[in-house]
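To start, the structure under review is shown below, and the notes come after it.
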Amino acid sequence: MATHAKPIGVFDSGIGGLTVVKALMRELPHEPIVYFGDTARVPYGSKSKSTIVRFSMENVEFLLRFGVKAIIIACNTSSSWALPTLRRYFKVPIVGVIRPGSRAAVQQTTAKRVGVIGTEATIRSRAYELEIKRLDASIAVFSQSCPLFVPLVESGWLNGAISAQIARTYLAPLKRHRIDALILGCTHYPLLAPVIQRALGPSVTLVDSATQTAAEVKGLLAWHEWLQGSRQRPRYRFFVTDEPDHFARLGQQFLGQAIRSVERVNYR
Ligand code: DGL
């Protein structure tokens with residue numbers, strides 16, 4: 001098969017990466033996508049570097065079976081810890097969400113004070129902070145892990161008093177630091193954007209890594225001349241390592257549309 005006709009591979013620790021798929025579908029509506037969500041082993045955000053790297057390697061190996069032309073790591077935690085290793089091991093172009101998200105934040109901030117929120121592992125890695133500093137050393141970066149946000153989203157608690165209270169508690173230190181841009185450094189957080197915005201007030205711009213990542217993937221494919229030529233409706237395939245029904249049901253919220261078929265894999 002010619003490279004331009006091959007699918008894009010996307011992986012995540014579970015369901016949250018569908019926010020990145022949503023952005024990819026919007027930006028690249030003719031590209032076929034193979035999505036792999038490691039729902040049996042989620043969350044990655046509380047795990048160690050060696051485990052995150054090992055799982056991420058296995059996820060790439062799975063996607064390579066489909067002859068994917070590029071791989072997108074939708075998961076912020078995997079992008080933070082595993083991207084350099086994956087790039088050393090595999091020839092296929094691999095895009096993470098850290099650099100695109102950082103670039104978007106650097107463009108947004110005028111006060112040069114950026115906040116980053118993510119899982120414990122993402123924040124511990126300092127990946128966003130280091131990337132932002134690399135782009136502009138004069139920017140001050142303030143980070144905060146928000147471990148309760150993922151279970152809140154997965155339980156459907158996107159609004160209401162409890163979510164608002166948790167958001168205010170997590171975000172109070174960032175507010176005190178007078179940030180004017182906040183990176184939503186986790187796949188799930190765009191679903192909490194209204195609550196987060198209310199907690200921080202209108203002067204803070206929320207930066208969603210997914211949108212910027214999709215734009216960069218488009219640039220990458222165009223540069224290689226790998227953009228899908230056909231104008232037909234592309235094929236989307238979804239694979240998970242745990243119960244497909246749960247993924248299909250909850251996934252609708254993340255993707256903004258129904259997911260017709262989800263396949264369960266046991267890839268070892
Ligand atoms: N996908 C993860 C991330 O973006 C969140 C869920 C998890 O902890 O695995 O960091």
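The values are calculated or read from the model by the stated rules, or taken from the named source; none is laboratory data. For clarity, every value in this text was computed on a predicted model and none was experimentally measured. In this analysis, Cβ positions are derived from the backbone assuming ideal geometry, glycine residues included, and neighbour counts consider all displayed protein chains.
The table below gives the values:
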quantity: Test: residue in the stretch 60-70 that is under 18 Å from the mean Cα position of the chain (by Cα) and within 15 Å of the ligand (Cβ to nearest atom); calculated: no
quantity: Residue match in the stretch 71-84 (condition: touching a Leu at 6+ places or on another chain (Cβ under 8 Å) and either more than 11 Å from the ligand (Cβ to nearest atom) or part of a helix (DSSP H, G or I) (or both)); calculated: yes
quantity: Given (1) part of a helix (DSSP H, G or I); (2) within 14 Å of the ligand (Cβ to nearest atom); (3) under 24 Å from PRO190 (Cα atoms), number of the condition LEU24 does not satisfy; calculated: (2)
quantity: Pairs, first over 16 Å from GLY96 (Cβ atoms) in the stretch 121-139, second more than 16 Å from the ligand (Cβ to nearest atom) and not hydroxyl-bearing (Ser, Thr, Tyr), C-beta under 6 Å, six or more apart; calculated: ASP136/VAL106; SER138/LYS112; ILE139/LYS112; ILE139/VAL114; ILE139/ILE132
quantity: Selection count, the stretch 200-214, where residues are closer than 16 Å to ILE73 by Cβ and at pLDDT 95 or above; calculated: 2
quantity: Boolean, GLU129 is more than 12 Å from GLY185 (Cβ to Cβ), charged (D, E, K, R) and modelled with pLDDT of 95 or more; calculated: no
quantity: Test: residue in the stretch 100-108 that is free of Cβ contacts under 8 Å to residues at least 60 places away in the same chain, more than 20 Å from GLU31 (Cβ to Cβ) and part of a helix (DSSP H, G or I); calculated: yes
quantity: So VAL195, is it β-branched (Val, Ile, Thr), touching a Ser or Thr at 6+ places or on another chain (Cβ under 6 Å) and either crowded, with 20+ Cβ neighbours inside 10 Å or under 19 Å from SER80 (Cβ atoms) (or both); calculated: yes
quantity: Cβ-Cβ under 8 Å pairs, at least 6 apart or on other chains, the stretch 148-159 side under 17 Å from LEU255 (Cα atoms) and touching a residue at least 12 places away in the same chain (Cβ under 8 Å), far side among the β-branched types (Val, Ile, Thr) and crowded, with 19+ Cβ neighbours inside 10 Å; calculated: VAL150/THR119; GLU154/ILE15; LEU158/VAL195
quantity: Residues that are loosely packed, with under 14 Cβ neighbours inside 10 Å, aliphatic (A, V, I, L, M) and farther than 14 Å from LEU192 by Cα, drawn from the stretch 136-179; calculated: ALA137, ALA172
quantity: Leading residue by the ranking (farthest from THR119 (Cα to Cα)) among those in the stretch 1-26 that are charged (D, E, K, R) and crowded, with 18+ Cβ neighbours inside 10 Å; calculated: LYS6
quantity: Qualifying residue in the stretch 30-52 (condition: in contact with a strand residue (DSSP E or B) (Cβ under 6 Å, 6 or more places away or on another chain), within 12 Å of the ligand (Cβ to nearest atom) and among the aromatic types (Phe, Trp, Tyr)); calculated: no
